[in-house]
Amino acid sequence: MSGRRHSRHPRHPAARAPITPRPALERRTLLRAAATGALAATAATACGSAEGQPPGKVAVLGDSAAWEKPMAAAGSAMESVAAPRLVPQVIPFLESFEQIVRSSLRTRKTPDMLKYWSGYRLQDLARTGGIVDLTRQWDDAVAKGWVDASLRGAFTYRRRVYGLPMNLAYWVFFYNPQVFREHRLEAPRTWDDFLTACARLKKNGITPLHGTAGDRWPSFIWFQEILSRQDPRFYDDLMNGRERYTDPRAERALRTLASFFDKDWFTPMDTNHPDAAAAMLHGKLGMVPCGTWLGSTLGAAGGKPGKNLGAFVLPMADPKARPSVIFESSALVATVKGPDHAEALRATGAWLHPTVMKAFSHTLQDGCPNPKVEAANPVIEGLAKKVRGDKLWLLNRFWEQGPPELVEATVDDLAGFLLNPSSYRKTLRTMQERADDAWQVWREAEKT
C-alpha cells in the first residue's frame, strides 16, 4: 500500500511480453530477509519486553502507520469506559511484521495485542496456539448489539472466534459527482449503466477506470470485483477451494477484463492509489475501485463528500444473482504469552464499545463494525445504508480468502495477467495448479 512511483508501462499492456510471476516471489523472499535484518532492533522494541507496558496500558502492534492516530484515539476512549489505554506500535514493512509476529509468539516477548487480518490469515495464526479465544467477548458484543453478527465467519477458526473486527471497509467505486453531472451521468444502478459510463467518459477524453499492478497487492482488485458481480456464489466457492480457476466462470471474468483493456479503459498499470485519487478529483479519471479506507487519502487530496467525492457499490452483472459487496475488516487479536495478558483481555471486552468504536472509525474515516455508531462521513453513511437496507451479502476480500501462500502467489499471477491480458487462459491454469497443491496442504494440516 505504498505510495512510491514505478516506471510507466504502456497504456495498453497487451503490447508487452508476459511477465513471469516466479521472480516476483524470489524478489519478495530477498526483500523479506533484508528487511527482517534491518528491522531487528525496531522489532525488539515494538514487541516489548517481559515487563510490558505500565499499569493501565497495553500495546497493540500493527503494520500501518496510517492507523497510529486512530488507535491512539481509540486508546483514549478506552480510558473513558474504564478499560486499559491502547498504545499503538508499528512495524511498517508488511512482510517483516508478519514474520516478526509469528516468531515472537513462541517467546515471552510477544506483543500483547495485534492488528491482524481476518479470514484464512487469522485461521493460520490461530493454528499456532499463540492467540486467545475471544468467543466470549464476541458473544457479549452481539448480545449488546455492538457488532454485525454476520461478520463472525471472518474471525472464526474451528467454530471459535479469535479476533474482533476493527474497521468495516466496503469495496466500492469512488467517483466525482461533478464530473459525472458534466457528462450527463449518474452513479450506475445497473451493469449496463456502468458500461455506458465507461464508454461516455472515454469518448470525452477521461480515462474511465483505475487499474494497477503496482505494489503487487492491488492486482487482485479487478478479478475480485468482476467475478463477484458476475457470480458471487462462484466467487465464494472459488475462494474457499470448492471450485476451480479453470471453470468457465473464472475465464469469463478475465475475458471481461481483457475487453476493458481492448477498449483502453484503464490507467497505466503502475498508477498508484494516491495518484489515482488525485486524478479522479481533478476530473482526469472516472472511477477508482478500492476499500472505503481510501477515503482518508481522498480527503487529504481535497475530496469533499457529496461535492467532488462520491461512491457506489458496483452493480451486479447478473441481475438474478444474490446482491453482494466485498468487505474488508482487520482483526484485533490478543496473544497468549503477552506480558500484560490480563490488561489485553480487559481491552478486548471494551473494544467494540460505541464510544471506542466512534473514536476509532471517525479518526480513521472508515466504516464501523458496530451498527450503533454513526458513520464517519456522508459517503460512508450512504454506503452503510445501502448495504444494510438491501441486505447485501458480505463477501470477504480476496487477500483474506484462501491459504496465505496461495493468495500471495495468485496475486503475482494476476499481476502477470494485467500486464498481458491475452494470457488469461494460461494464467488460470497456473493459478489452479497452485491451488491444487495449496489446498491439499491446508486440508492435511486441518486434520492434525
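What to note about this one:
- Residue match in the range 417-428 (condition: touching a residue at least 12 places away in the same chain (Cβ under 8 Å), in contact with a Cys (Cβ under 9 Å, 6 or more places away or on another chain) and open to solvent by less than 10 Å² (accessible area, probe 1.4 Å)): no
- Failed condition for Asp215, given (1) buried (at least 19 other Cβ atoms within 10 Å of the Cβ); (2) under 19 Å from the mean Cα position of the chain (by Cα): (1)
For every residue, the table says whether it meets (1) open to solvent by less than 40 Å² (accessible area, probe 1.4 Å); (2) out of contact with any helix residue (DSSP H, G or I) (no Cβ under 7 Å at 6 or more places or on another chain); (3) in contact (Cβ under 8 Å) with a residue 60 or more places away in the chain.
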{"residue": "Ser80", "(1), (2), (3)": "no, no, yes"}
{"residue": "Ile100", "(1), (2), (3)": "yes, no, yes"}
{"residue": "Lys109", "(1), (2), (3)": "no, yes, yes"}
{"residue": "Trp117", "(1), (2), (3)": "yes, no, yes"}
{"residue": "Arg121", "(1), (2), (3)": "yes, no, yes"}
{"residue": "Gly130", "(1), (2), (3)": "yes, yes, yes"}
{"residue": "Val147", "(1), (2), (3)": "yes, no, yes"}
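- For the range 31-66, a tally of residues being at pLDDT 50 or above, assigned to a loop (DSSP other than H, G, I, E, B) and under 20 Å from Tyr116 (Cβ atoms) returns 4.
- Test for Lys69: is it of a type outside the set (A, V, I, L, M), surrounded by fewer than 22 Cβ atoms within 10 Å (Cβ to Cβ) and not in a helix (DSSP H, G or I): no
- Residue within the range 163-171 that is open to solvent by 20 Å² or more (accessible area, probe 1.4 Å) and of a type outside the set (Lys, Arg) present: no
- Failed criterion for His210 (all others in (1) touching an Asp or Glu at 6+ places or on another chain (Cβ under 8 Å); (2) crowded, with 21+ Cβ neighbours inside 10 Å hold): (1)
- Spans of helices (runs of 4 or more DSSP H) in the range 105-217 with at least 1 residues under 19 Å from Val333 (Cα atoms): 119-126, 135-144
- All positions within the range 149-161 that are open to solvent by 10 Å² or more (accessible area, probe 1.4 Å) and either under 18 Å from Trp351 (Cα atoms) or not aromatic (Phe, Trp, Tyr) (or both): Ala149, Ser150, Arg152, Gly153, Ala154, Thr156, Arg158, Arg159, Arg160
- Exactly one residue out of Trp439, Trp393 is surrounded by fewer than 20 Cβ atoms within 10 Å (Cβ to Cβ) and either polar (S, T, N, Q) or in contact with a Leu (Cβ under 8 Å, 6 or more places away or on another chain) (or both), and it is Trp439.
- Residue within the range 414-421 that is closer than 22 Å to Tyr175 by Cα and aliphatic (A, V, I, L, M) present: no
- Residue in the range 399-409 that is touching a residue at least 40 places away in the same chain (Cβ under 8 Å), in contact with a Leu (Cβ under 6 Å, 6 or more places away or on another chain) and surrounded by 21 or more Cβ atoms within 10 Å (Cβ to Cβ) present: no
- Residues that are modelled with pLDDT of 95 or more, in contact with a helix residue (DSSP H, G or I) (Cβ under 9 Å, 6 or more places away or on another chain) and over 25 Å from Ala317 (Cβ atoms) occur at least once in the range 167-188.
- Single residue of the range 201-228 satisfying the filter (among the basic types (Lys, Arg) and at pLDDT 95 or above) that is farthest from Leu257 (Cα to Cα): Lys203
- Yes/no for Asp139 being under 23 Å from Trp399 (Cα atoms) and surrounded by fewer than 22 Cβ atoms within 10 Å (Cβ to Cβ): no
- There is at least one residue in the range 199-206 that is open to solvent by 30 Å² or more (accessible area, probe 1.4 Å), among the hydrophobic types (A, V, I, L, M, F, W, C) and over 30 Å from Ser103 (Cβ atoms).
- The set of residues in the range 355-384 that are closer than 22 Å to Gly153 by Cα and open to solvent by 30 Å² or more (accessible area, probe 1.4 Å) comprises Pro371, Lys372.
The values are calculated or read from the model by the stated rules, or taken from the named source; none is laboratory data. Owing to the predicted nature of the structure, the values given are computational and were not obtained by experimental measurement. Every residue, glycine among them, receives a Cβ derived from its backbone with ideal geometry; neighbour counts consider all protein chains shown. With ligands, DNA and RNA removed, areas are computed over all heavy atoms of the protein, side chains included. Shrake-Rupley method; radii C 1.70, N 1.55, O 1.52, S 1.80 Å.
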